[in-house]
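The values are calculated or read from the model by the stated rules, or taken from the named source; none is laboratory data. As the structure is a computational prediction, the values presented were derived from the model and not from experiment. Using ideal geometry, Cβ is built from the backbone for each residue, glycine included, and neighbour counts are taken over all protein chains shown. Ligands, DNA and RNA are excluded from the accessible area calculation, which covers all protein heavy atoms including side chains. Shrake-Rupley method; radii C 1.70, N 1.55, O 1.52, S 1.80 Å.
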Amino acid sequence: QVQLVESGGGLVQAGASLRLSCAPSRGAFSGYGVGWLRQAPGKEREFLTLLNWNDGNTYYADSVKGRFTISRDNAKNTVYLQMSSLKPEDTAVYYCAADTVPERVRFRNARNWGPGTQVTVYS
């Protein structure tokens with residue numbers, strides 16, 4: 001099991017960029033699929049992107065392809081979500097999730113979650 005901590009959220013103007021970070025406070029990402037999901041008020045949690053730590057393969061939801069990029073820093077054992085051209089509809093709590101079965105991240109039932117970080121985009 002890993003305990004996850006996100007950072008990097010904040011209040012930004014539409015069109016800006018923001019980078020979120022996710023690192024384990026306990027454990028390591030080796031062997032895990034690590035992804036980002038978000039939940040806006042009144043909406044279901046939405047899968048955004050996934051990275052398989054061992055082979056580096058990435059997957060994206062159609063809604064964020066071309067604007068969001070997931071990446072990793074092996075030395076820092078950290079996964080990033082680079083978000084660009086942010087829109088007010090991107091306002092949500094962003095969660096990092098990890099599981100040794102990566103598909104569980106895509107289907108929103110990963111066994112390890114961070115507490116979330118708020119991203120607010122104003123126009």
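Values computed for the structure shown
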read-out: Boolean, F107 is crowded, with 17+ Cβ neighbours inside 10 Å and not aliphatic (A, V, I, L, M); value: no
read-out: Residue list for the range 85-98, restricted to those being open to solvent by 20 Å² or more (accessible area, probe 1.4 Å) and part of a strand (DSSP E or B); value: V93, Y95
read-out: Every residue from the range 8-30 that is open to solvent by 30 Å² or more (accessible area, probe 1.4 Å) and either at pLDDT below 95 or within 10 Å of Y95 (Cα to Cα) (or both); value: S25, R26, G27, A28, S30
read-out: V2 vs. criteria closer than 17 Å to G116 by Cβ and at pLDDT below 95; value: yes
read-out: Among (1) open to solvent by less than 20 Å² (accessible area, probe 1.4 Å); (2) under 26 Å from Y122 (Cβ atoms); (3) not in a loop (DSSP other than H, G, I, E, B), the one test that Q82 misses; value: (1)
read-out: Whichever residue in the range 36-76 is under 19 Å from G9 (Cβ atoms) and of a type in the set (V, I, T) and, among such residues, is most open to solvent (accessible area, probe 1.4 Å); value: T69
read-out: Residues within the range 41-60 that are of a type outside the set (F, W, Y) and either in contact with a helix residue (DSSP H, G or I) (Cβ under 8 Å, 6 or more places away or on another chain) or in a strand (DSSP E or B) (or both), tallied; value: 7
read-out: Residues located in the range 1-31, provided they are within 16 Å of A75 (Cα to Cα), of a type outside the set (A, V, I, L, M, F, W, C) and in a loop (DSSP other than H, G, I, E, B); value: G27, S30, G31
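Let's see how each residue does on (1) modelled with pLDDT under 95; (2) within 16 Å of L18 (Cα to Cα); (3) of a type in the set (F, W, Y):
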residue	(1), (2), (3)
F68	no, yes, yes
A75	yes, no, no
Y80	no, yes, yes
L86	no, yes, no
Y95	no, yes, yes
N109	no, no, no
